[in-house]
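Have a look at the structure below before the remarks.
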Amino acid sequence: VQTPVPARERILGAAYELFSRRGIRAVGTEEVIERAGVAKATLYRHFATKNDLVLAVLERREQLWTHGMIEEQSAARGKTPEEQLLAIF
């Protein structure tokens, strides 16, 4: 049995995908609502404005890319902190 994905995560996932593909300005909140499968009230309960949603998406991007991928790759490519730092560059 799969656990349902919380609405906030569905919204963030949909916005991340849409913003990444087409840009923040090209995507409206209605499209995010439709893609996430939530009601308008649900979106605005989690993110009062589109700017709040954009900030959350940017935080998610930083988490995935900066803290996730880069740290993971540097750890895999270097045994010491110096080697890991050099692996980033």
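The values are calculated or read from the model by the stated rules, or taken from the named source; none is laboratory data. Small disclaimer: the values here were computed from a predicted structure and weren't measured. Don't worry about glycine lacking a Cβ; one is built from the backbone with ideal geometry, like all the others, and counts go over all protein chains shown. Each accessible area value is taken on the protein alone, full model and side chains, heavy atoms only, with ligands, DNA and RNA left out. Shrake-Rupley method; radii C 1.70, N 1.55, O 1.52, S 1.80 Å.
Each residue of segment 69-80 was assigned a 3J(HN,Hα) from its phi angle through the Karplus expression (A = 6.51, B = -1.76, C = 1.60, θ = phi - 60°), giving 5, 5, 5, 4, 5, 5, 5, 6, 9, x, 8, 9 Hz with x at Gly and Pro.
Can you give the log10 of the normalised intensity I(q)/I(0) at q = 0.20, 0.24 Å⁻¹, computed with Debye over equal Cα scatterers of segment 11-89? Cα-only, vacuum Debye calculation for segment 11-89: -0.79, -1.01.
Once the trypsin sites (Lys or Arg not before Pro) in DSSP loops with at most 12 neighbouring Cβ atoms within 10 Å are cut out of the chain, the longest remaining piece is 26-78.
Can you tell me the accessible area per residue over the chain, all protein chains present, probe 1.4 angstrom, in square angstrom? Write out the running numbers ahead of the final one.
On the way: 6600 Å² over 89 residues.
Solvent-accessible surface per residue comes out at 74 Å².
If you roll a 1.4 angstrom probe over the protein chains with everything in place, what fraction of the accessible area of the chain belongs to carbon and sulfur, to the nearest %? Don't skip to the end; give the middle numbers.
Working: 3580 of 6600 Å².
Carbon plus sulfur share of accessible area: 54 percent.
Rounded to the nearest 500, the 222 nm mean residue ellipticity of the chain from helices alone is -19000 deg cm²/dmol, with -39,500 (n - 2.57) taken per DSSP H run of at least 4 residues.
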